[in-house]
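For reference, the structure discussed in these notes is given below.
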Amino acid sequence: MSHKIIYMGISAEEVAGDYSKEHIDSIVEKKLSRYVEPEEYEDEDEEEDEDEEEDEDCEEEFSGYKLDWYQIGGRWGGAFATLKGKQSAYPTENNEFATDTDLYDIACNDGKKGPYIIEGEEFIPVNGACKKDLDFTTVSKIFLYGQYKARMMLLNKDERVSEVQKDYEIDGDDLYTKDGHEFMINRNETFEDFLNRLYRGDFIYTYTLDDTDAYIDFDGEWHDMDELFGEILEKTKDIANISSEAYNAFQEKAREFVKSLSDDDYVIIIDGHSFP
């Protein structure tokens, strides 16, 4: 069993200004209905050792389905952020981001969960929103800002964070890892300096848009990397690497789909549970 990262695009016309959870849920359910195994075929009381032949018949009958269940957000909830107060935001159930915020909370919130403020503005975790309201980098910035602040606190020998990160050593204004003496931070570095040093100015951090399993377009059509195998096979003789080529090509295609949406179109992330 696996959990798929699925993006769905919903046109502004279909959303029609109604950002209520009930409305968005109904649109998602309608678009996914042909890809999810109907509940009437599930039998919770079925014995684990049921006849293998019946299992094979069942798999063949429902081979067109992509998922056996799904959840909006789910384990991918909080992969996006919006500024607090945005009307189109679809909040997460647990009000948590899909990243480790422990160091941020220790450094900025006295160990409590939130608020999460980047460059003077407060962000909240969401499952979706209008494209114009979605922030594709802040979730990673929250994680990295926690790393930045924690390293500065280590330089100042702050016990709150030194209990969490113990394998370090200080040499003047520099912080290093104890194992391998790898440079971590200088006391005079700004957060911007820290980001530029680590990422060489590339601020496209969001890991979710780089690990997409499928996306669903306005017409409810399912797209995944399987549809690219034939095209790539015609272009390459390197059969051994065809899977990685198809994966990379599909990631680019999924990113282009999200980029192509208008500001008022809606993007939502779905946790899809797939067949074995």
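Brief remarks follow.
- Candidates Thr101, Thr92 - the one that is under 16 Å from the mean Cα position of the chain (by Cα) and either more than 17 Å from Tyr7 (Cβ to Cβ) or in the same structural domain as Tyr19 (by TED's automatic domain parsing) (or both): Thr101
- Those residues of segment 89-118 which are farther than 21 Å from Leu195 by Cα and surrounded by fewer than 21 Cβ atoms within 10 Å (Cβ to Cβ), in sequence order: Pro91, Glu93, Asn94, Asn95, Glu96, Asn109, Asp110, Gly111, Lys112, Lys113, Gly114, Pro115
- All positions within segment 79-101 that are at pLDDT 95 or above and of a type in the set (Ser, Thr, Tyr): Thr82, Ser88, Tyr90, Thr92
The values are calculated or read from the model by the stated rules, or taken from the named source; none is laboratory data. Since we're looking at a predicted model, the values are computed, not measured. Cβ sites come from the backbone with ideal geometry, for glycine too, and all protein chains shown count toward neighbours.
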